[in-house]
Structures are given as structure tokens and as C-alpha cells.
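Before any comments, here is the structure.
The values are calculated or read from the model by the stated rules, or taken from the named source; none is laboratory data. Predicted model, so just to flag it, every value in this text is computed and none were measured. A quick note on method: Cβ atoms are made from the backbone with ideal geometry, for glycine too, and the neighbour counts reach across all protein chains shown. Note: accessible area is taken over every heavy atom of the protein model, side chains too, but ligands, DNA and RNA are not part of it. Shrake-Rupley method; radii C 1.70, N 1.55, O 1.52, S 1.80 Å.
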Amino acid sequence: MTDEILSRIQKKFPLVAKPFKVIADELDMSEDEVLTILQEQKTKNIIRQTSAIFDTKRLGYKSSLVAFKIAKEKISDAVKIINSHPGISHNYERNHDFNIWFTLAVPPHSKLGLDGTVSLLAKLTDADEFIMLPTLKLFKINVKLNTTGKDEKKEEVKKVVHTEIEMTPLHHAIVRAAQYDIEMISEPFKKIIDELNIDYDKFFSILNELQEAGVMRRFASILNHRKAGFNANAMVVWDVDEEKGEEIGATAAAFSAVSHCYLRPKYPNWPYNLFTMVHGKTKEETDSIIADMAKEIESKSHMPLYSSREFKKVRIEYFTKAMDEWEEKYQGSDA
């Protein structure tokens with residue numbers, strides 16, 4: 001039953017006053033039973049975070065995947081510098097000459113901007129070379145680990161049409177509050193509505209409005225991959241024909257084991273433009289999934305980049321002063 005609950009909270013999390021009661025009713029359990037299991041999974045660090053997942057771009061931030069080539073003896077110091085930036089959400093060492101891979105986002109009012117921040121980080125870390133790989137086309141971003149083993153091999157990736165939204169101070173306040181991990185208690189949202197002095201109806205109506213506008217991708221639990229038994233997670237990069245990129249990207253995104261699928265730019269020193277994150281419990285399982293994908297994906301070549309070390313994996317904190325403070329600290333080192 002634990003696996004069923006973990007599967008459920010990764011998907012459509014109930015946005016109601018007592019969400020765990022809804023899940024309990026669906027699974028023919030008591031709310032206390034569900035909460036006991038979830039509290040245990042949280043203690044074991046299998047559940048990483050349960051919160052709103054926001055779209056960085058639709059909040060006005062600029063972001064990119066970045067790869068640095070850093071000498072082995074300099075990695076430790078470089079990672080400390082890179083991880084110090086509040087806009088770094090993920091940072092891994094991967095099995096390639098470009099060995100340090102991280103995602104970076106900067107707010108709309110950033111003085112350095114995205115390019116300036118990457119150049120400064122390259123200077124501070126003494127990187128030999130770097131490439132910026134911003135998203136040109138997003139096909140899928142939806143981390144749902146198959147904890148039950150019952151998920152189909154393929155899934156439909158629906159195209160969503162977003163509504164327009166005018167962000168008010170209350171919208172921003174709810175983004176700031178809903179981005180943090182909720183407690184596994186009967187009424188996990190009560191603290192937020194009390195602090196904002198609003199009622200449940202107003203809170204959930206704004207969350208739904210944010211979701212319809214694409215500002216909030218979804219509200220869900222994210223599991224710690226390795227703690228949940230998914231130990232072989234590969235970033236698979238493909239060299240595909242740019243003219244067929246959209247068609248090929250849609251094919252790749254349909255695989256359920258793929259959580260992220262993007263088109264990114266090519267460079268003379270980097271020919272791969274389709275990026276897919278593939279999750280499996282063992283390297284053999286992941287390699288098998290990649291082999292199945294390769295039968296359907298028309299590419300000149302592909303390469304799985306497994307992470308050898310995870311240096312950072314957090315959610316970016318939006319609308320805080322931390323990024324301004326980082327820029328003020330390092331502005332004298334402007335590259």
C-alpha cells in the first residue's frame with residue numbers, strides 16, 4: 001500500500017483542506033494510516049518535498065542548463081562556488097569531458113543576467129570551457145517514478161493551453177508560501193492561510209488560477225530517486241535532425257520512464273540537441289529503456305550520461321533576497 005500512496009502523491013495532489021483524507025478514501029484506508037505511512041517515508045527521506053512546482057520562465061526568471069569542463073583537482077572548490085548561487089537547483093558530476101552539469105535561474109531584475117552569471121561562475125571556478133544549453137522546446141517535465149511497477153511503458157503527453165494572468169501581490173505571496181515543503185499533517189495548508197489571512201477557498205482558487213496560467217506546473221510530491229530505489233538515472237543526449245526535432249521530441253516524451261524532454265542548441269563542440277532524463281532501478285533496466293527508445297528515435301548518435309555524484313538538488317526559492325545578496329557579494333569579480 002505504501003507504493004500506491006507514493007504513486008498517488010506524485011500525480012494529482014488533492015488541493016483541498018484535508019488532502020490526505022481524500023487519498024485515504026480513494027485507497028479505502030483511514031487518514032491516520034495514510035499519514036503514518038507518509039510521515040515514515042518522509043523520515044526515511046524517500047519523499048524529498050511536497051509543494052507547488054512552479055514554471056521558472058513564466059515567473060519571469062531566465063534559466064539554462066550549463067555544462068562546465070573543470071579539472072578533477074579543482075572540482076571540489078568549484079562545486080562550493082557553483083552551489084553558493086541560490087539560482088542553482090541541480091548540480092551533478094557526469095561521465096564526460098564536460099563533467100559538471102547544473103541548472104541556473106536568475107530573476108528578471110538580475111544585474112548580471114543569465115549570461116553574465118554563467119561567465120562569472122566560469123571565471124570563479126577556473127572552468128576550462130563551458131556551454132550554455134537553454135530550452136528551445138519543452139516536450140515534457142513531469143517526474144513520476146513508477147513505484148508500483150504498474151505504469152504503462154508509454155503515456156499521453158497532453159498539450160496544455162495556458163490562460164493569461166495578472167500577478168497581484170497576493171499571487172506573489174502565495175507563490176512564496178506554496179513553494180516550501182508541507183507537513184504530513186491533516187490540514188497542511190492551514191499555516192499558510194492563517195499567515196496570509198485568507199480562507200481556503202481563496203487559497204485554492206489562486207493555486208488553480210496559477211496552474212491554469214502555467215505559472216504553477218502542478219502540486220505534487222517529489223521522491224528522492226535513489227532512496228526510492230531508482231539508482232540508475234541517465235541524462236540521454238541525442239543528435240537529431242533539427243527540422244524533425246519536434247516530431248522526434250514528441251516520440252521520446254511519450255516514454256513513461258522519461259521525466260524531462262527538451263530540445264536544446266547544438267555547438268561545434270557539442271552535437272547533441274535532444275535531452276531526455278530516463279529513470280530506472282538498475283543500470284540494466286535504464287539501458288534497456290534507452291535501447292527501446294533508440295529503436296523509435298531517428299538520431300545520428302546518442303549518449304547516456306550517468307551522474308557519478310550529486311552535489312545539489314533543491315527547489316529554487318522564488319522572490320527572495322538571496323540572489324540579490326549573491327550578486328552584491330560577487331559583483332566586484334565581474335567577468
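Give the residues of region 172-203 that are in contact with a helix residue (DSSP H, G or I) (Cβ under 8 Å, 6 or more places away or on another chain) and touching a residue at least 40 places away in the same chain (Cβ under 8 Å), sorted by residue number. Listed by number, the residues that qualify are 175, 178, 184, 185, 186, 188, 189, 200. Scanning region 10-31 for residues that are β-branched (Val, Ile, Thr) and either assigned to a helix (DSSP H, G or I) or surrounded by fewer than 13 Cβ atoms within 10 Å (Cβ to Cβ) (or both) yields 22, 23. Candidates are the residues of region 279-310 that are more than 18 Å from residue 93 (Cβ to Cβ) and in a strand (DSSP E or B); the one that is most open to solvent (accessible area, probe 1.4 Å) is 302. Taking the conditions (1) over 18 Å from the mean Cα position of the chain (by Cα); (2) in contact (Cβ under 8 Å) with a residue 60 or more places away in the chain in turn, residue 139 satisfies each one other than (1).
Per-residue answers, yes or no, for (1) among the aliphatic types (A, V, I, L, M); (2) modelled with pLDDT of 95 or more; (3) open to solvent by 70 Å² or more (accessible area, probe 1.4 Å); (4) part of a loop (DSSP other than H, G, I, E, B):
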position	(1), (2), (3), (4)
122	yes, yes, no, no
132	yes, yes, no, no
145	yes, no, no, yes
152	no, no, yes, yes
159	no, no, yes, yes
167	yes, no, no, yes
172	no, no, no, no
186	no, yes, no, yes
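Within region 254-278, being among the small types (Gly, Ala, Ser) and surrounded by fewer than 21 Cβ atoms within 10 Å (Cβ to Cβ) holds for 254, 256, 259.
For residue 41, are the conditions met, namely being open to solvent by less than 60 Å² (accessible area, probe 1.4 Å), within 19 Å of residue 180 (Cα to Cα), touching a residue at least 24 places away in the same chain (Cβ under 8 Å) and part of a helix (DSSP H, G or I)? So residue 41 passes the test. Look through region 81-115, keep the residues that are in a helix (DSSP H, G or I) and in contact with a helix residue (DSSP H, G or I) (Cβ under 9 Å, 6 or more places away or on another chain), and return whichever of them is most open to solvent (accessible area, probe 1.4 Å). Filtering region 81-115 for residues that are in a helix (DSSP H, G or I) and in contact with a helix residue (DSSP H, G or I) (Cβ under 9 Å, 6 or more places away or on another chain), the one most open to solvent (accessible area, probe 1.4 Å) comes out as 81. Just wondering, is there one or more residues in region 52-62 that are under 30 Å from residue 1 (Cβ atoms) and open to solvent by less than 30 Å² (accessible area, probe 1.4 Å)? Within region 52-62, one or more residues are under 30 Å from residue 1 (Cβ atoms) and open to solvent by less than 30 Å² (accessible area, probe 1.4 Å). If you go through region 64-80 and keep only what is surrounded by 18 or more Cβ atoms within 10 Å (Cβ to Cβ) and either under 17 Å from the mean Cα position of the chain (by Cα) or not in a helix (DSSP H, G or I) (or both), you end up with 64, 65, 66, 67, 68, 70.
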